[in-house]
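Q: Take a look at the following structure, please.
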Amino acid sequence: MASGAVAPPPPPLAGGRRGFGGRGVLLRRRLAATPMKDEPVISTTGGKEEMISHSVNVARKASIPGVSSNISNRTPVTPTPLQPPEPSDLRFNRLRPSIEKSDCKYTRYFGRYVAREAIMDEEYWIAAWLRAEDHYEDQSGDRYVESFKRKFASQEFHALKKRCGRQVGEKYTCFVAVKNDDVTRTVVNSVVGTVDLCVRHPLHGETYPAEPGNTPFYSRIYQPDQPKFGYLTNVCVAKYARRQGIASNMLLLAIDAARLDGAESIYIHVHKDNLPARRLYDHVGFKMVDMDGARQSSDLCLLSFNSMH
């Protein structure tokens, strides 16, 4: 595992606002529930049975460095993004704020961690990087994989910020799990997991949320007379932080947030052969959806959590 001197972080990127730290909502809500112990963590939509995310890259010999996976207070080597097509306020040497100064509406404490909304550009960037690591897990031997991951993460970073900033019709929230200790850490060395939540009314002609990457055409007209639902995606946990209750506690926080935003049911897709993932979601309270003969993928199945119970 890498240690010792590292390259200095890149200079701040120009322009832009600072994530969502300036929003006016000051309501704090610590959602009380008993923290849960995770099953082995795994990919939500992938076919792997091992993990939700593969670890952040720490190999010093890699062409594009990753984030240090050591939970101790070592200086991380940060994955630098491609030149951003849109303004951002990424500063990889920014120190993480205290939980009390985070101005988060939803917060869940468990063990040495806390789950909450992402509020800073650096948190969105690490969330995107974890997803890139997961996406290219099976291609670790490719000589260009680090460049592919960096491009993927850059695109996902800007798309994620755009989704979370567009609150008309659909409310997107990116939740992150961060280390909660007295050690001085940078923001990018504090994030260990992420999950996305979308809360909305169903679209005209829509019964259940579509599978990722297989969205059918619907009229972009919402049905406000129909109950809202929540949809969870991009469940990722750094490999070194697995088996510490991170995935299950992020899911429980997202479920509570969806309920408070008016969702009656919460859905998530999972690979049918991914037994550890299905055990985890069953442990949290998700059940298989009976779609009454509706066309289903041969690879994914839909699970739901009824928030009214």
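The values are calculated or read from the model by the stated rules, or taken from the named source; none is laboratory data. Owing to the predicted nature of the structure, the values given are computational and were not obtained by experimental measurement. Neighbour counts are summed over all protein chains in view; Cβ atoms, including those assigned to glycine, are modelled from backbone coordinates with ideal geometry.
Q: Among the residues that make up the range 212-235, is at least one of them out of contact with any Gly (no Cβ under 6 Å at 6 or more places or on another chain), aliphatic (A, V, I, L, M) and at pLDDT 90 or above?
A: Yes, the range 212-235 contains at least one residue that is out of contact with any Gly (no Cβ under 6 Å at 6 or more places or on another chain), aliphatic (A, V, I, L, M) and at pLDDT 90 or above.
Q: Return the only residue of LYS151, LYS171 being closer than 30 Å to ASN306 by Cβ, among the basic types (Lys, Arg) and out of contact with any Phe, Trp or Tyr (no Cβ under 9 Å at 6 or more places or on another chain).
A: Result of the check over LYS151, LYS171: LYS171.
Q: Considering only residues that are surrounded by 23 or more Cβ atoms within 10 Å (Cβ to Cβ) and assigned to a loop (DSSP other than H, G, I, E, B), which ones fall in the range 120-139?
A: Passing the criteria: only MET120.
Q: Now, a different point. Got a sec? Which strands (runs of 3 or more DSSP E) wholly within the range 150-264 have at least 1 residues that are surrounded by 23 or more Cβ atoms within 10 Å (Cβ to Cβ) and not polar (S, T, N, Q)?
A: 170-179, 191-200, 228-237
Q: Among the residues of the range 163-195, what is the count of those that are of a type outside the set (Phe, Trp, Tyr) and without any contact (Cβ under 8 Å) to a residue 40 or more places away in the chain?
A: Summing the residues that are of a type outside the set (Phe, Trp, Tyr) and without any contact (Cβ under 8 Å) to a residue 40 or more places away in the chain in the range 163-195 gives 6.
Q: Separate question: Which residues, counting only those in the range 81-110, are modelled with pLDDT of 85 or more and either exposed (fewer than 12 other Cβ atoms within 10 Å of the Cβ) or touching a Pro at 6+ places or on another chain (Cβ under 6 Å) (or both)?
A: ARG91, PHE92, ASN93, PHE110
Q: On the given criteria, is ASP142 without any contact (Cβ under 8 Å) to a residue 60 or more places away in the chain, farther than 24 Å from HIS269 by Cβ, assigned to a loop (DSSP other than H, G, I, E, B) and touching a His at 6+ places or on another chain (Cβ under 9 Å)?
A: No, not satisfied.
Q: Just to be sure, is LEU280 of a type in the set (A, V, I, L, M, F, W, C), closer than 23 Å to ALA118 by Cβ, surrounded by 18 or more Cβ atoms within 10 Å (Cβ to Cβ) and at pLDDT below 95?
A: Spelling it out, LEU280 is indeed of a type in the set (A, V, I, L, M, F, W, C), closer than 23 Å to ALA118 by Cβ, surrounded by 18 or more Cβ atoms within 10 Å (Cβ to Cβ) and at pLDDT below 95.
Q: Could you tell me whether THR78 is more than 16 Å from the chain's Cα centre (by Cα), crowded, with 20+ Cβ neighbours inside 10 Å and either of a type in the set (Val, Ile, Thr) or modelled with pLDDT of 95 or more (or both)?
A: Answer is yes for this residue.
Q: ASP142: surrounded by fewer than 20 Cβ atoms within 10 Å (Cβ to Cβ), over 19 Å from THR194 (Cα atoms) and of a type in the set (Asp, Glu), yes or no?
A: When the stated conditions are applied, ASP142 passes them.
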